Amino acid sequence: MLKRTKKLASAGLLSCIVFGSLLPAGPVHAAASAPPAPSSIRVDNRPAGTSDLVTVSGLSAGDEVKVYADGGAASPIGSSTVSSGYSSTTVTVDQLGVLGGHIYVTVTQPSYSESRRIVKSFAEEPLSVPPAVTSIRITNRSGGANDQVTVRGLHVGDVVKVYKDASKTKLLGSSTVASSTTDGTVISVGQLGAEEGVIYVAVTEPGKRESRTVEKGYDAEPRTGKPQIDQIRVNNERGSNDHVIVSQLQPGDIVKVYASNRDSSPVAQAIVASGASSVEIPMALPSTGDGQGSIYVTVTAPPLLESERISKRYNPEPVTPALAPGMIVVTNEQEGTSDHIEIFGLSAGDIVKVYPTADATYTLGTTTVTSDSSLAVIKIGQLGKQAGYVYVTVTSASGRESSRTVKSYAAEQAGLAPSRSDIEIRNVAGPNDTVTVIGLQPGDIVKVYAEEAAAAPIGTAIADGTASAVVYTALPETGYGTVYVTVTRSQGEESSRTPKIYAAEPLTLPLSPNNINVKNVTDQNVDEVTITNLKPGDTVKLYEDAFSTQPIQTAWGSEAVATVPEGSSVVTIKRLQLNSAGGKLYVTVTSPERRESSRVLKAYEAE
């Protein structure tokens, strides 16, 4: 086509000469070169760092190719001339850009002017194929070791990068595939963190742009399994001598105790010693005002992370049992003599405090029981002429201060009270108790009161010719107690009340398990229990457990109770419904005028 254009141009010049008249004088322009066909232009838009190439074919030696950025640019962005013996040439361009676009190409043939510009579109720089999510494996390791990301399915020369975010602002690690392997390429990424999260992975193939990122989630670092409730035992002692014991552990395990579920630092911790399976942690337990509360315990088995916290409630510090009113004697002496309070039945080291009211913060007096005594005596200046009340507590070595026991006291009196040594008390089970007073005069009236300030007596009697009186009554306490005794002489006033402590009702001795025989047979409702070595009048009861208040029932619907008849030492309780698989019974005996014995455990075999 170019040759045909040249011939046409020569023919036109000859035509002007033949007709004998030359054109007017003026500038003469060379004919324009033929532009390249778009199909003869190939554009290689290569990644950054590598020059892009524009190749034009179908040319002749000496043809010059120019490449322009747009249709109106004055200067080309690159040019090249076809070498001798070639029909194509390649123009090197710095960078056309990441995205696709257009360039403009011209050809200038020797002796001809530059052709018009031919627009040529080009594609964006080639993008690498991202890795498949399933080809990525993340190892989030604990103990400070570097975490790893493994990517499979790559080729030699591929560059794999791991980012913290999808925008690729923070690179965690990268690696170049040096050789083909089915195990994948491993990238070390330092520490991803203890908690679960997400990373972003991209691949760059040779000659291509980096691929888009692929999101991949990873699990949290492996944690130690949290301890179970029954592995933890809390001993909440008085003061700061508390202990937390955790069992079923391994040597080297680290146990931490926290005051709350949010505290960053533990209040105590310990390591399980070599060869041990438990650890005891001494500490002062955090507690509320009533002494109870919760702790939160974790276990760390290196190199695993610390376990989740488990809550463990603990009971309040033990409280010293309150005093029984019968253990307290208040003597309200006449003015000029100190009043005194006596407390019986204590232990060495017990601290006794006397308060004027139920909520007073100050005491009337306090004392500590000495090592050689069970009695505490507190002297007080004067309680007052009138009757009133004091409030007494005791604090033992192993418990907090007890609740306050209210104790009434009588008004000051000047009458002749009976001596304690002249008072004898017989406290038996049931209502047949007696208070005997000697050293009287015939006609003296003896009254017995349950409380020092009680208005009415619980019993009264008149001394006979033996100079003694016996008061029949039911004493108010089955255990340790105190009664108050007065004497009123003929035409005289009632004396002051003399306190007299009495012992607890006698307790029946418990049975021996060897004297209990259980017959557990397959026939329905014919099981029976036989108890030997008893005395006439003894009453035997069968209980299901150590705490039930009622005996078990027989097949007849009655209670499993029997009394030894006269002339016998054996009793049998029949028609029982015992457990066919075997079990346990709790048996008591109650002798006449004695309290029920403690319960004796008796195991029986299966039918």
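The values are calculated or read from the model by the stated rules, or taken from the named source; none is laboratory data. Fair warning: this is a prediction, and the values are worked out from it, not measured in the lab. Backbone-built Cβ (ideal geometry, glycine too); neighbour counts: all protein chains shown. The protein model used for the area step is the full one, side chains on, heavy atoms only, and it has no ligands, DNA or RNA in it. Shrake-Rupley method; radii C 1.70, N 1.55, O 1.52, S 1.80 Å.
Taking 7 Å along the Cα-to-C-beta vector as the label spot, tell me the Ala145-Glu333 distance in nanometres, rounded to one decimal.
Between Ala145 and Glu333, the label points sit 8.3 nm apart.
Pick out, from Gly225, Val246, Pro286, the residue whose Cα sits farthest towards the positive end of the charge dipole of segment 184-308, with +1 on the Cβ of Lys and Arg and -1 on the Cβ of Asp and Glu.
Value: Gly225.
So if I take the centroid of the Cα atoms in segment 544-572 and the same for segment 76-126, what is the distance between those two points in Å?
117 Å
Please list, in order, the residues from segment 114-130 whose amide nitrogen is less than 19 Å from a point placed 7 Å along the Cα→Cβ vector of Ala48.
123-130
Contour minus end-to-end for Asp372 and Gln292, with contour as 0.36 nm per residue of separation and end-to-end as the Cα-Cα distance? Show your work: numbers first, answer last.
Details: separation 80, 0.36 × 80 = 28.80 nm, distance 3.44 nm.
Answer, rounded to one decimal: 25.4 nm.
What 222 nm value per residue comes from the helices of the chain, counting each DSSP H run with n ≥ 4 as -39,500 (n - 2.57) and dividing by all residues, nearest 500 deg cm²/dmol?
Values: 1 runs with 17 residues, N = 607.
Taken over the chain, the calculation gives -1000 deg cm²/dmol.
Are there any trypsin sites (Lys or Arg not before Pro) in segment 264-370 that are in a DSSP loop and have at most 15 other Cβ atoms within 10 Å? List them by number.
Qualifying residues, ordered by number: none.
Considering the values (i) 116, 33, 19; (ii) 47, 42, 22; (iii) 42, 30, 28, which represents semi-axes √(5λ) of the Cα gyration tensor in Å as calculated for the structure under consideration?
Read-out from the structure maps to (i).
For segment 429-538, which GluC sites (Glu not before Pro) are both in a DSSP coil and crowded by at most 16 other Cβ atoms within 10 Å? Intermediate values should be presented prior to the final figure.
Details: sites: Glu451, Glu452, Glu477, Glu493, Glu494, Glu528; in loops: Glu451, Glu452, Glu477, Glu493.
Filter output for segment 429-538: Glu493.
Just to verify a number: FRET efficiency for Ala132 and Ser57, C-beta to C-beta distance, R0 = 30 Å, to 0.05? Don't skip to the answer; put the middle values down first.
Numbers: r = 39 Å, r/R0 = 1.31.
Computed FRET efficiency for Ala132 and Ser57: 0.15.
When only Cα pairs under 8 Å and 6 or more residues apart are kept, what is the percent relative contact order across the chain?
6 percent
Relative to the present Cα-Cα distance, how much length would full extension add between Ser83 and Ala546 at 0.36 nm per residue of separation? Intermediate values should be presented prior to the final figure.
Working: separation 463, 0.36 × 463 = 166.68 nm, distance 11.43 nm.
Going from the current span to full extension adds 155.3 nm.
With θ taken as phi - 60° and the coefficients 6.51, -1.76 and 1.60, list the Karplus ³J(HN,Hα) couplings across segment 197-206 in order, rounded to whole Hz; mark glycine and proline as x.
Per residue, the Karplus-derived 3J(HN,Hα) values read x, 9, 10, 10, 10, 9, 10, 10, 7, x Hz.
Check the straight Cα-Cα distances from Lys168 and name the aspartates and glutamates below 16 Å, setting aside those fewer than 8 residues away within the same chain.
Straight-line reach from Lys168, under 16 Å: Glu210, Glu215.
Suppose R0 equals 25 Å. What FRET efficiency, 1/(1 + (r/R0)^6) with r the Cβ-Cβ distance, do Arg420 and Ala322 give to the nearest 0.05?
Details: r = 25 Å, r/R0 = 1.01.
So, using R0 = 25 Å, E works out to roughly 0.50.
Probe of 1.4 angstrom, ligands and nucleic acids ignored: what's the accessible area per residue over segment 219-301, in square angstrom? Working shown, then result.
Values: 4290 Å² over 83 residues.
Solvent-accessible surface per residue comes out at 52 Å².
Can you work out ³J(HN,Hα) from phi for every residue in segment 581-597, in order, using Karplus 6.51 cos²θ - 1.76 cosθ + 1.60 and θ = phi - 60°, giving whole Hz and x for Gly and Pro?
8, x, x, 9, 10, 10, 10, 10, 9, 10, 7, x, 6, 10, 7, 4, 5
Got a sec to turn the phi values of segment 302-315 into Karplus ³J(HN,Hα) couplings, 6.51 cos²θ - 1.76 cosθ + 1.60 with θ = phi - 60°, whole Hz, x for Gly and Pro?
Listing the rounded values in order: x, x, 5, 6, 4, 5, 5, 7, 10, 7, 10, 7, 9, 6 Hz.
Between beta-carbons, use under 15 Å as the cut-off and find the net charge around Thr478, counting Lys and Arg +1, Asp and Glu -1. Mind showing how you got there, number by number?
Numbers: positive: Arg426, Arg594, Arg595; negative: Asp433, Glu477, Glu505, Glu593, Glu596.
My count for the surroundings of Thr478 gives -2.
Filter the chymotrypsin sites (Phe, Trp or Tyr not before Pro) in segment 491-583 to those in DSSP coil with at most 11 other Cβ atoms within 10 Å of their Cβ, and list the result.
Taking segment 491-583 and a limit of 11 other Cβ atoms within 10 Å, the loop chymotrypsin sites (Phe, Trp or Tyr not before Pro) found are Phe547, Trp556.
Calculate, for Tyr480 and Gln250, the FRET efficiency according to 1/(1 + (r/R0)^6) with r their C-beta to C-beta distance and R0 51 Å; round to the nearest 0.05. Provide the component values of the computation, followed by the final result.
Details: r = 52 Å, r/R0 = 1.01.
It comes to 0.50.
When Lys and Arg each count +1 and Asp and Glu each count -1, what net charge do the other residues less than 14 Å away from Glu528, Cβ to Cβ, add up to?
Around Glu528, the surrounding residues sum to +1.
Name the long-range amide H neighbours of Leu172: under 5 Å, sequence gap of 5 or more, or other chain; modelled H, no Pro or chain starts.
When sequence neighbours closer than 5 places are left aside, the close amide H contacts are Val162, Tyr163, Lys164.
Using the crude model of +1 on Lys and Arg Cβ and -1 on Asp and Glu Cβ, and no other charge, please compute the dipole size for the chain relative to its Cα centre, in debye to 20. All intermediate terms of the calculation are to be shown ahead of the outcome.
Values: 52 positive and 62 negative charges, 809 e Å.
Dipole of the chain, to the nearest 20 debye: 3880 debye.
What does the charge add up to near Ile458, with Lys and Arg as +1, Asp and Glu as -1, over the other residues with Cβ less than 12 Å from its Cβ?
Working: positive: Lys447; negative: Asp433, Glu451, Glu477.
It works out to a net charge of -2.
Angle, helix 2-18 long axis vs. longest principal axis of the chain, Cα atoms, 0 to 90°, nearest 10?
So the helix axis and the longest Cα principal axis differ by about 40 degrees.
Assuming 0.36 nm per residue, please report the length gained on full extension of the stretch Asp219 to Arg575 beyond their Cα-Cα distance. Please list the in-between numbers first.
Details: separation 356, 0.36 × 356 = 128.16 nm, distance 6.52 nm.
Taking 0.36 nm per residue and subtracting the Cα distance, the gain is 121.6 nm.
I'd like to compare 73-81, 563-571: which one has the highest average count of other Cβ atoms within 10 Å, and what's the full order after that? Walk me through the numbers on the way to the answer.
Working: 73-81: 15.0, 563-571: 12.4.
Answer by packing, highest mean first, reads 73-81, 563-571.
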